[in-house]
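Engineer: Here it is, the structure in full.
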Amino acid sequence: MVYRLAFSQMRNKSDADDIFQEVFLRYINKHPRFESEEHRKAWLIRVHKLIFRKPIIIIAILTICIFTTLPILAARIPSVYELMYHISPHVAQFFMPVQKSCDDNGIKMEVVATYIHEDKAEIYITMQDLTGDRIDETTDLYDSYSIHRPFNSSATCQLVGYEDTTKTATFLISMTEWGNKNITGDKITFSVREFISGKHVYDHIPLDIDLSTIRVASETNEIEIIGGGGNFERFLSDEDTTNVLLPCQPMNFPVEGIDFTGIGYLDDMLHIQIGVTNPLNNDNHGFFTLKDKNGNEIKCDYNVVFTDTSDDGERIDYMEYVFNIPQAEIEQYSLLGDFDTSGLFTEGNWQVTFPLELNK
C-alpha cells in the first residue's frame, strides 16, 4: 500500500535520486546486516540500477529501508510509518505503536502511534470506511475531535495522507501543554463526533456579473455581527451591529452549496453577499476579489458574518464582503471568487483511550 502524499514528489530521475540518497544512505547503510563498506557499495550499485526500471521497485526498496529501521513498528503499521518518515524522517523513529481502535457507523478509527516528549504529544490516527465511500482525500474532522487528557493544552489536526485502495485517511494530531510544562498522566482519550468529505475547491473562478449594472441597494438590514475579518476599525464603529444587504432569493451561481444572495452599493461601498445553509454540517465558505483592466487584484476591505433562520427552520450563515470602490469606477473591474464546499457529512461516536507513555 502506498500513500499518495508519501511518494507524490517522486516524479522524475532527479527526485528519485534525492529520495534514494535520503532514505537508503541514511538508514540501510547504518543497518548491521551491511557489515562492510564493500558490502554496502555492492548493494548501492545493485539498487541504483533498479530504481529507474520499475517504480514499484522503488517503493519496495523504500519499504525495506523503513522496515529495517524500526522492525516492531514498521512490521505492524508499514503504510503509516512510510507517511511518518516522509513528513519528518528525523522524528519518525521515536513513535511508539498503539494500535487501539473502535468501529461505529461502518467507520473504523484507530490510534496508530504516538510520540510524547516534554510538553508535546504527537498522535497519528487513521479513519477507514469499512462499508462505503465516505472517506476520501478531502476528509476533514471539522474540529469535531476532542482530547480528554489530564493537562491543559492546545491542539491541531491535519490530514497527512490518504490510501485509496483501503479508503483510509491518516491524520496527525499535535498537542502542546500550556505553560511549558512536561506532559504527565496515565492516559489520553481521543474522540471524534463527525467528519466531512467530498470537498470541492473552486480556485479563482470568474463570475459572470456585469458590475456596471450594480445599483444602490434598495433594502438593507441591521444585523448583529458574529464574525468577520479585515479592516473593521476603519469602516465600522465599536458596535456589534451594522447595516448589510437584505438577503434576496438565491441568484444564479456556479458553486453548489453556496447561495449568491445579494450585491449592491451601501454607504458608497460595494457589498457582495453569499449564504450557506446548515453551516454546522459543512465547511462551505469562500471570498471574492476584484480585478482591474491591468490584471491587478484587490481584496475586500472587510467582511462580516451574521446568521438567520430560513422558513424551514434551518440555520443560514451569511457572509458579506465589502469593497471601498466608488460606484463610478466599478465598471472597470471584474469579479473573481475562491470557494470550498463539502458534499458529505458523516456522524458517529468514535472514542479510543490509550496509555500516555513518555518516549525516552
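Read-outs throughout are calculated quantities, based only on the coordinates presented, and are distinct from any laboratory measurement. Since the structure is predicted, the reported quantities are computational estimates derived from the model, not experimental observations. Positions of Cβ are backbone-derived with ideal geometry, glycine not excepted, and every protein chain shown enters the neighbour counts.
Engineer: When the chain is fully extended, how far beyond the present Cα-Cα distance does residue 178 get from residue 191, taking 0.36 nm per residue of separation?
Structural biologist: That pair, residue 178 and residue 191, stretches by 2.6 nm at full extension.
Engineer: Additional query: Could you list the square roots of 5 times each eigenvalue of the Cα gyration tensor of region 94-157, that is, the equivalent ellipsoid semi-axes, sorted largest first and rounded to whole Å? Let's see the in-between values first.
Structural biologist: Values: eigenvalues 114, 40, 24 Å².
Over the Cα atoms of region 94-157, the semi-axes work out to 24, 14, 11 Å.
Engineer: Once you place label points 7 Å from the Cα toward the Cβ at residue 143 and residue 96, how far apart are they in nm?
Structural biologist: Once both label points are built, they end up 3.2 nm from each other.
Engineer: Which order do the peptides 117-129, 178-190 come out in when sorted by mean C-beta neighbours inside 10 angstrom, highest first?
Structural biologist: 117-129, 178-190
Engineer: Then there is this: Tally Lys and Arg at +1 and Asp and Glu at -1 over the other residues with C-beta under 11 Å from the C-beta of residue 347: what net charge comes out? Walk me through the numbers on the way to the answer.
Structural biologist: Details: positive: 134, 193; negative: 104, 194.
Here the charged neighbours net out to 0.
Engineer: Considering amide H positions built from the backbone, and no H for Pro or chain starts, which residues 5 or more places from residue 161, or on another chain, come under 5 Å of its amide H?
Structural biologist: Hits under the 5 Å cutoff: 170.
Engineer: Moving on. Report, as a whole number in µm² per second, the diffusion coefficient that Stokes-Einstein gives for region 203-338 at 10 °C and 1.306 mPa s using the Kirkwood radius over alpha carbon pairs.
Structural biologist: Using the Kirkwood radius from Cα pairs, D works out to 104 µm²/s.
Engineer: While we're here: Which entries in 100/187; 100/199; 199/291; 100/181; 108/187; 120/199 show an alpha-carbon gap greater than 24 Å? Numbers along the way, then the final one.
Structural biologist: Details: 100/187 13 Å; 100/199 28 Å; 199/291 27 Å; 100/181 27 Å; 108/187 21 Å; 120/199 31 Å.
Too far apart for the 24 Å limit: 100/199; 199/291; 100/181; 120/199.
Engineer: Separate question: Measuring from label point to label point, each 7 Å out along Cα→Cβ, what is the residue 329 to residue 309 span in nm?
Structural biologist: Calculated label separation equals 4.3 nm.
Engineer: Then there is this: Give me the net charge of residue 266's neighbourhood, meaning all other residues with Cβ under 12 Å from the Cβ of residue 266; Lys, Arg count +1, Asp, Glu -1.
Structural biologist: -4
Engineer: How long are the semi-axes of the equivalent ellipsoid of region 190-244, defined as square roots of 5 times the Cα gyration tensor eigenvalues? Whole Å, largest first.
Structural biologist: Those come to 31, 24, 12 Å.
Engineer: With a Förster radius of 22 Å, plug the Cβ-Cβ distance of residue 278 and residue 251 into 1/(1 + (r/R0)^6) and report the FRET value to the nearest 0.05.
Structural biologist: 0.65
Engineer: Hey, if you put +1 on the Cβ of every Lys and Arg and -1 on every Asp and Glu Cβ in region 91-212, which of 204, 165, 109 ends up farthest toward the positive end of that dipole?
Structural biologist: Most positive-ward Cα: 109.
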